[in-house]
Amino acid sequence: MTKVLELVGISKRFGALTANDDVNLSLKQGEILALLGENGAGKTTLMNILFGHYAADKGHVRVFGTELPSGKPRAAIEAGVGMVHQHFTLADNLTVLDNVMLGSEPLFRFRSARTEARNKLMQISDRFGLPVTPEAKIGSLSVGERQRVEILKALYRDARVLILDEPTAVLARPEAKRLFETLRGMTKEGLSLIFISHKLHEVMAASDRVAVLRGGKIVAERDTNKTNADELAELMVGRKVERPVRQEHDIGAPVLIAQKVRLENDGETQLNNVSFQVNAGEILGIVGVSGNGQAALGALLSGLAAPTAGELTLDGNEVGHIGPRGMIMAGVGRVPEDRNSEGVVGELSLWENAVLERIRSPKFSRWGFVRQRAARDYTSALIKRFDIRGANPDTRIRLLSGGNMQKLILGRVLANDPRFVLANQPTRGLDEGAIAAVHAKLLAARAKGAAILLISEELEEAVALSDRIQAIVKGRLSAPIHADQADAQRLGLMMAGVWEEDENAA
């Protein structure tokens, strides 16, 4: 097959950090290439060089035989390269059509060619099987629909090489499956695809070839039909990866209890008659398809929302109306669903983010002044204890990979031995090594007596970590079942709302 893309001798450094080191990579027409690697291995940096967001220190990029000027996204777009970023770049208050057209027309034009643009969008939508409503506001769309719009934006600009950075990081498994079916159909139309992923089952199911990046270097390339998930995991992290196993132990007394909690927002019921309890030394797993009330439950347990009715107690004390700071002071630790917008402040350093939730503690401030040395020492200890790579206390946290950012958040929570931990999608977008590390830390906190509520869309994760599991459907919770009763069929039925016969399950 014809080579449509070549990266030759690409190297890129950020200060003392080598992100890419003499990388050579190619892509053939109609091929799906998976780029695999640990968090921080240099995958996103490499794709940003390809798309022109970064200029390489050494090396060059050729697209359809033509060398691209370094650091110029417009040149990449005009050459037929499109990129779908992990974190969507859409304006919520604009329509689908507005977002697709944005930046595609000359600045000085008397009127916008909306009719022509709409016709072109619908032709692309029909051709590639990506249905959209052009007049719909982005803010009203599901995550899967927004992903579709991002792809259409690239195709609208006549992309023939499409880069997808963690395309399923925020998608539920059925949505991810549909996406890859669509992508496979797109290659039959002549497109060539590179996708970055940490999910080995997706790599095995969707790709033709796999390139493994470790420490900024390509360490292996494999035809997908000649490898397996175990080999890829070992190539990715440089060692055999085994996730920790939950051990049975005695469960303590109830720590957090919700009784018939109802949560409304702008007249919409987000949680309806929700009851559960989490005991000391226990992990309670909440599973469900995205958009069924997980965000509302996370907001409630973080103090960002107060119950409209019902009662929420922590160690017997009512905590439903004490707010985020009150929750932290009461011993609640949170790992939020969206680490970038809710977990950290990107422009602040690691040490500032590490102490952000406890800045008024005497340990980190005195007489209104921040004790920076104490904060930096504390952060240095977190970096070592939680294996946060490629950073020091003064590094801006936005420069960290997603996995290392998540480790900082987890360290910030667990270092204070919280009574209750909300772990909301704690391994979303993480590689196998980072997932194993996060699981180990959560199980260690459980062993020390923490009560943990795990919200996860990964069923394997929920079953592996949880002592009991409940399903959330349209803001309602099923009765709990023990983890040893949680086979795929039963969980599937529970997530579909079939649980009436199990109302009295223990």
Being among the polar types (S, T, N, Q), at pLDDT below 95 and under 27 Å from the mean Cα position of the chain (by Cα) narrows Thr2, Thr18 down to just Thr18
The one condition Leu36 fails out of (1) assigned to a loop (DSSP other than H, G, I, E, B); (2) under 22 Å from the mean Cα position of the chain (by Cα); (3) crowded, with 21+ Cβ neighbours inside 10 Å is (1)
Exactly one of Leu301, Leu256, Leu232 is in a strand (DSSP E or B) and either touching a Leu at 6+ places or on another chain (Cβ under 8 Å) or under 26 Å from Val438 (Cβ atoms) (or both), and that residue is Leu256
Ala423 vs (1) surrounded by fewer than 19 Cβ atoms within 10 Å (Cβ to Cβ); (2) within 16 Å of Lys407 (Cβ to Cβ): all pass except (1)
The correct count of residues that are under 15 Å from Lys153 (Cα atoms), touching a strand residue (DSSP E or B) at 6+ places or on another chain (Cβ under 7 Å) and part of a loop (DSSP other than H, G, I, E, B) in the range 52-91 is 3
Test Ala220 against the criterion of being over 19 Å from Leu50 (Cβ atoms), assigned to a helix (DSSP H, G or I), in the same structural domain as Thr45 (by TED's automatic domain parsing) and of a type in the set (Gly, Ala, Ser), and give yes or no.
-> no
- request: For Gln259, indicate whether it is closer than 27 Å to Ile397 by Cα and in the same structural domain as Ala444 (by TED's automatic domain parsing).
  value: no
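Do you know which residues across the range 199-215 are of a type in the set (D, E, K, R) and part of a strand (DSSP E or B)?
Kept after step one, since they are of a type in the set (D, E, K, R), are these residues of the range 199-215: 199, 202, 208-209, 214.
Arg209, Arg214, listed by residue number.
Listed here are the residues, each with its yes/no results for (1) without any contact (Cβ under 8 Å) to a residue 24 or more places away in the chain; (2) among the hydrophobic types (A, V, I, L, M, F, W, C); (3) surrounded by 14 or more Cβ atoms within 10 Å (Cβ to Cβ).
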| position | (1), (2), (3) |
| --- | --- |
| Ala253 | no, yes, no |
| Val261 | no, yes, yes |
| Asn265 | no, no, no |
| Gln294 | no, no, yes |
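With Val81, Val96, Val61 as the choices, which residue is surrounded by 13 or more Cβ atoms within 10 Å (Cβ to Cβ) and touching a Pro at 6+ places or on another chain (Cβ under 6 Å)? Give the derivation first.
Details: Val81 fails: touching a Pro at 6+ places or on another chain (Cβ under 6 Å); Val61 fails: touching a Pro at 6+ places or on another chain (Cβ under 6 Å).
Selected residue: Val96, the only one of Val81, Val96, Val61 that is surrounded by 13 or more Cβ atoms within 10 Å (Cβ to Cβ) and touching a Pro at 6+ places or on another chain (Cβ under 6 Å).
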Per the list (1) out of contact with any Ser or Thr (no Cβ under 7 Å at 6 or more places or on another chain); (2) under 22 Å from Met327 (Cβ atoms), residue check on Asp431 breaks on (2)
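Taking the range 182-225 as the search range and keeping residues that are small (Gly, Ala, Ser) and out of contact with any helix residue (DSSP H, G or I) (no Cβ under 6 Å at 6 or more places or on another chain), which one is nearest to Asn20 (Cα to Cα)?
Taking the range 182-225 first, the residues small (Gly, Ala, Ser) are 185, 190, 192, 197, 205-207, 211, 215-216, 220.
With out of contact with any helix residue (DSSP H, G or I) (no Cβ under 6 Å at 6 or more places or on another chain) added as a condition, the list becomes 185, 190, 192, 205, 211, 215-216.
Values: Gly185: 32, Gly190: 29, Ser192: 23, Ala205: 27, Ala211: 14, Gly215: 8, Gly216: 4 Å.
The residue in question is Gly216.
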Note on the range 350-399: residues surrounded by fewer than 19 Cβ atoms within 10 Å (Cβ to Cβ) and among the hydroxyl-bearing types (Ser, Thr, Tyr) are Ser361, Ser365, Ser380
Of the candidates Arg376, Arg371, the one satisfying the condition of being basic (Lys, Arg), out of contact with any Lys or Arg (no Cβ under 8 Å at 6 or more places or on another chain) and farther than 23 Å from Pro254 by Cα is Arg376
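So, in the range 16-26, how many residues would count as being within 19 Å of Ile163 (Cα to Cα) and either surrounded by fewer than 23 Cβ atoms within 10 Å (Cβ to Cβ) or outside the structural domain of Arg222 (by TED's automatic domain parsing) (or both)?
Here the count works out to 3.
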Of (1) assigned to a strand (DSSP E or B); (2) without any contact (Cβ under 8 Å) to a residue 60 or more places away in the chain, Gly333 satisfies every one except (2)
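For (1) buried (at least 19 other Cβ atoms within 10 Å of the Cβ); (2) touching an Asp or Glu at 6+ places or on another chain (Cβ under 8 Å); (3) on the phi > 0 side of the Ramachandran plot, each residue gets a yes or a no:
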residue: Arg184; (1), (2), (3): no, no, no
residue: Glu189; (1), (2), (3): no, no, no
residue: His198; (1), (2), (3): yes, yes, no
residue: Ile218; (1), (2), (3): yes, no, no
residue: Thr224; (1), (2), (3): no, yes, no
residue: Pro244; (1), (2), (3): no, no, no
When (1) in contact with a Gly (Cβ under 7 Å, 6 or more places away or on another chain); (2) modelled with pLDDT under 90; (3) surrounded by 14 or more Cβ atoms within 10 Å (Cβ to Cβ) are applied to Phe88, the one that fails is (1)
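Taking Ile49, is it surrounded by 15 or more Cβ atoms within 10 Å (Cβ to Cβ), in a strand (DSSP E or B), β-branched (Val, Ile, Thr) and within 29 Å of the chain's Cα centre (by Cα)? Before you say what the answer is, go through the steps one by one.
Working: surrounded by 15 or more Cβ atoms within 10 Å (Cβ to Cβ): yes; in a strand (DSSP E or B): no; β-branched (Val, Ile, Thr): yes; within 29 Å of the chain's Cα centre (by Cα): yes.
Against the criterion (surrounded by 15 or more Cβ atoms within 10 Å (Cβ to Cβ), in a strand (DSSP E or B), β-branched (Val, Ile, Thr) and within 29 Å of the chain's Cα centre (by Cα)), Ile49 does not qualify.
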The one condition Ala113 fails out of (1) exposed (fewer than 14 other Cβ atoms within 10 Å of the Cβ); (2) under 24 Å from Met186 (Cα atoms) is (2)
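The values are calculated or read from the model by the stated rules, or taken from the named source; none is laboratory data. The structure displayed is predicted, hence computed values, not measured ones. Neighbour counts run over all protein chains shown; Cβ positions are idealised from the backbone, glycine included.
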